[in-house]
1. I need the helices (runs of 4 or more DSSP H) fully contained in the range A:1-112, keeping only those with at least 1 residues that are small (G, A, S), more than 23 Å from the chain's Cα centre (by Cα) and buried (at least 22 other Cβ atoms within 10 Å of the Cβ).
2. Taking the stated definitions as given, is A:I77 facing another protein chain (nearest Cβ under 8 Å), in contact (Cβ under 8 Å) with a residue 60 or more places away in the chain and of a type outside the set (F, W, Y)?
3. What's the number of the only condition in (1) aliphatic (A, V, I, L, M); (2) more than 14 Å from chain A (Cβ to nearest Cβ); (3) out of contact with any Gly (no Cβ under 8 Å at 6 or more places or on another chain) that B:A31 fails to meet?
4. Just one of the numbered conditions (1) more than 8 Å from chain B (Cβ to nearest Cβ); (2) under 21 Å from A:A181 (Cβ atoms); (3) free of Cβ contacts under 8 Å to residues at least 12 places away in the same chain is not true of A:D105; which one?
5. Of everything in the range B:8-27, what is assigned to a helix (DSSP H, G or I), in contact (Cβ under 8 Å) with a residue 12 or more places away in the chain and crowded, with 16+ Cβ neighbours inside 10 Å? Give them in sequence order.
6. Under 9 Å between Cβ atoms, at least 6 apart or on separate chains: pull out the pairs that start in the range A:86-100 with a residue that is at the interface with chain B (Cβ under 7 Å from one of its Cβ atoms) and end on any residue that is of a type in the set (D, E) and surrounded by fewer than 19 Cβ atoms within 10 Å (Cβ to Cβ).
7. On the basis of being more than 17 Å from B:F115 (Cβ to Cβ), away from chain A (no Cβ under 14 Å) and more than 10 Å from the chain's Cα centre (by Cα), does B:L102 make the cut?
8. Quick one: which residue in A:S58, A:S65 is in contact (Cβ under 8 Å) with a residue 12 or more places away in the chain and among the polar types (S, T, N, Q)?
Amino acid sequence: MNAIEIKGLEKRFRDFALCGIDLSLPEGCILGLIGENGAGKTTFIKTMLDLYHRDAGSVQILGRSVPEDLTEIRRGISVLLDDVGLPPQFTAADTDSVMRDTFGDWDSACFFSFLERFGVPADKSFSELSQGMKKKIGIALALSHGARLLVLDEPTSGLDPVARDLFLDLLADYTRREDCAVLFSSHIVSDLEKICDYICFLREGRVWLFEEKDRLTEEYGVVSVSAEEADKIPQERIAGIRKTSYGAQLIMHRSQIGPDREASPVTLEDLFVMMARR
Amino acid sequence: MRALLRKDLLLMRKAYKPYFVSILLFGIVAAFKPDYTFFTVYPFVLAALMPYNLFSLDERSGWNAFSRSLPFTTQQIVGAKYIATLTMLGATWALFALLQILIGGWNAGELLHVFGILCAALVAPALSLPAAIRWGTQKMFYLAVGLIMALTGLAFGLILGSRSEWLTDGMPVPAAVAAAALMFVSYKVSVRWYQEKEF
């Protein structure tokens, strides 16, 4: 079963629109959502969760329809938005007591053990913590009940490298359960590269690319040519480009690369940056 | 729902301690000097403002958006604020009644008078909560507050002005019915606007 199934999702604002998003995430997988600032990542997540009311399309989460079955869906998911959303006066103990009443399967011991692993002082109020510490509480919160789907908007922003590494390990552990899935957005491509099974590249409110990560890196390659040669290659054969004073690097689908050229492996970072700059 | 009430209770305890102290002090003065209407009215205004302030805190902290990702219905989220309102005002009335009995002795007329003030005080949250949901606590703040203050003042005026007539004669029923009806309509409007709201 797919944890997320989205068809033709649209949301229009005065100066921005999310257009015809089709996307599915199988259980047991991690989907990385990537895009430039303003590409629509947060809008997409909020529209999917009905925090923004969609204009068209359909959304199914854990086999149930949004918005009809939202309350039931929310029992089985954890959401971490950019603002964690806890009251500034709350300590970890306050958060724990409220979440115990919120989720029937809330695990207090698990919550406090995550806080300890992340080095979050449990006695300080939320307003006294740094942005990174707040994110860590949000992550601990998301992982401390039996959620089958995690929806995380920029969870690693503000985290130090050690905490980011720990977080990625936790996500990998989490998806060992085959009925669990994760959708997370990030600007940090290396994080997505490490952990994701699928990549969705959003640009100007549209899905630019949605593919299994391994297939992406297998199907595309980097070709180094001179600037003059780059200009001669038809634009439709070029997926991404980076021009420097020494020449040009092209991202091309391997089927578009002739036998006379050699292609080096592409990283996700190159793919994203060069496609965005095309 | 229990989680939402617990969260509001914890927040009130942490963020609004001075409110509780003020209500207690004013209650003691009012019990000694029941003629000083200001000392009776002001604590009820404080208590009535608390849910609006809670909503404002929720908005600023991002709780409003976060709570929409938790397994609560719109009715529960909105209902919790109305229950907090009724609890705060009910507790204030109970405190005044207790102090009045302990300090001033049993006086049914005075208790009914304070009950009338409680009913009038409900006008403020009944108007301010839907307005906060619809326009936000910052946007249109002054217009909303001005209107709410005027209407609440009018309600207080009606209650205080008619003190010697129907309230002290033991007939607070019309005030209670009007307040209950207002709160019910307000709740319904709030739920509707909350459902339409985007976070």
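The values are calculated or read from the model by the stated rules, or taken from the named source; none is laboratory data. Quick caveat, the model's predicted, so the values are computed rather than measured. Virtual Cβ from ideal backbone geometry, glycine too; neighbours counted across all protein chains shown.
1. Of the helices (runs of 4 or more DSSP H) lying wholly inside the range A:1-112, those with at least 1 residues that are small (G, A, S), more than 23 Å from the chain's Cα centre (by Cα) and buried (at least 22 other Cβ atoms within 10 Å of the Cβ) span A:92-102.
2. When the stated conditions are applied, A:I77 passes them.
3. B:A31 satisfies every listed condition except (3).
4. (3)
5. B:D8, B:L11, B:M12, B:A15, B:Y19, B:I23, B:F26, B:G27
6. Qualifying pairs under 9 Å: A:P88/A:E128.
7. Answer is yes for this residue.
8. A:S58
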